[in-house]
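The values are calculated or read from the model by the stated rules, or taken from the named source; none is laboratory data. This structure is a prediction, so every number in the text was calculated from the model and none was measured. Reconstructed Cβ throughout: ideal geometry from the backbone, glycine too, with neighbour counts over all protein chains shown. What goes into the accessible areas is simple: the full protein's heavy atoms, side chains included, and nothing from ligands, DNA or RNA. Shrake-Rupley method; radii C 1.70, N 1.55, O 1.52, S 1.80 Å.
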Amino acid sequence: MGTTLYRTTPPRAYDAAAVVPDLAPLARTATRLHPRPGSPTPRDSSIGGPLLWPADEPWPHCEGPHEPDGRHIPTPDDVRMLRRLRAAVARRALTPQEQDQRERARAGRAWPGPCEPVAMLPVAQLHAAEVPGLRPPHGADLLQLLWCPFDHPGQVEPATRLHWRTADAIAKPLQEPAPQPPAVQYEGCLPELCLLAPEQVTEYPDPMELEPDLAVRLEDPDTWDGDELAYLNGLSYAPGSKVGGWPAWGLTDPEPVPCPACEARMTPLLTLASTEWTDESASWTPLEDHGTSPTPAMLQVADAATLQLYACPTDPHHPHQARVQ
């Protein structure tokens, strides 16, 4: 377990709480995960990597219903083939055999009809020793996330499964490859294998969560030397995949996320992002990553959005909640 990767978020253009002292009590620490392509093992923290899964525990399956868009959809192997060939094209011309492989993978496979249940895909594995701020329940030190590779009718969020574990208690981990679904809804359902370079940063709320008078001050160009977007794009919440911190809003207005078991107000646990930064949030690009792809994990949540998972602050074992923003 462990990684030599590191990433460095550039210093913020302003000390937000010094410029606007009312922000000071709203500061939160988030852990940016900084996924980058690699070869994780089941003992590593990762996005898309193999999970440290007990050999005697059944692999999670989703009961559906599964109704893919279109009659031809890719298998996980099709997606991996297309990604390998796209990477090859950047270096050289494809051979005739590779061109044929690409066309077959692009065509997808005929949907065989109802095939419930469907094996869920590993999405994230986080070791508390490597990811500051994870805050596992007592006795646990490992968080695992899986999701269904198909959209569900009437549901924006993917169906997810969370597991808290104690890594050293898994005496006999699964050795063979985990079960795979027969197909995936689209390429972005299948995360690329990524190692993580966790880094803690300070965040402040989305302007939509603030009292109106404070939000107006933060949007005033005079507060930030003429840049009315300085707070939103460079000082509030960090883009990308992260643990904790403040959530982004936009697809919906901010609203409390109540625990379904005890009605406590849930707190952000894990955010998975379709992109690690955008043109608007480019100031958050790690120093080591200028000129690189902002989509290293190749995830796509809804329409290039983020999947936000929330946990109960009174009992982490209560059911989690998911939101797409």
Given (1) closer than 30 Å to residue 17 by Cα; (2) open to solvent by 10 Å² or more (accessible area, probe 1.4 Å); (3) over 16 Å from the mean Cα position of the chain (by Cα); (4) of a type in the set (Asp, Glu), identify the lone condition not met by residue 203. (2)
Which of the numbered conditions does residue 81 fail, given that it passes all the others? Conditions: (1) of a type in the set (A, V, I, L, M, F, W, C); (2) under 22 Å from the mean Cα position of the chain (by Cα); (3) crowded, with 16+ Cβ neighbours inside 10 Å. (2)
Which one of these does residue 183 not meet: (1) open to solvent by 10 Å² or more (accessible area, probe 1.4 Å); (2) more than 23 Å from residue 6 (Cα to Cα); (3) part of a loop (DSSP other than H, G, I, E, B); (4) touching a strand residue (DSSP E or B) at 6+ places or on another chain (Cβ under 8 Å)? (1)
All positions within the range 15-39 that are assigned to a loop (DSSP other than H, G, I, E, B), surrounded by fewer than 22 Cβ atoms within 10 Å (Cβ to Cβ) and either touching a Leu at 6+ places or on another chain (Cβ under 8 Å) or not acidic (Asp, Glu) (or both): 20, 27, 38, 39
How about the range 278-306: which of its residues are under 13 Å from residue 33 (Cβ atoms) and part of a loop (DSSP other than H, G, I, E, B)? 286, 296, 297, 299
Residue pairs meeting the criteria (Cβ under 6 Å; at least 6 apart or on separate chains; first open to solvent by 10 Å² or more (accessible area, probe 1.4 Å), in the range 293-315; second of a type in the set (Ser, Thr, Tyr) and in a strand (DSSP E or B)): 306/271; 313/267
Looking only at the range 158-175, decide whether some residue is on the phi < 0 side of the Ramachandran plot, of a type in the set (A, V, I, L, M, F, W, C), within 22 Å of the chain's Cα centre (by Cα) and in a helix (DSSP H, G or I). yes
State yes or no: is residue 171 among the hydrophobic types (A, V, I, L, M, F, W, C), over 26 Å from residue 57 (Cα atoms) and surrounded by fewer than 11 Cβ atoms within 10 Å (Cβ to Cβ)? no
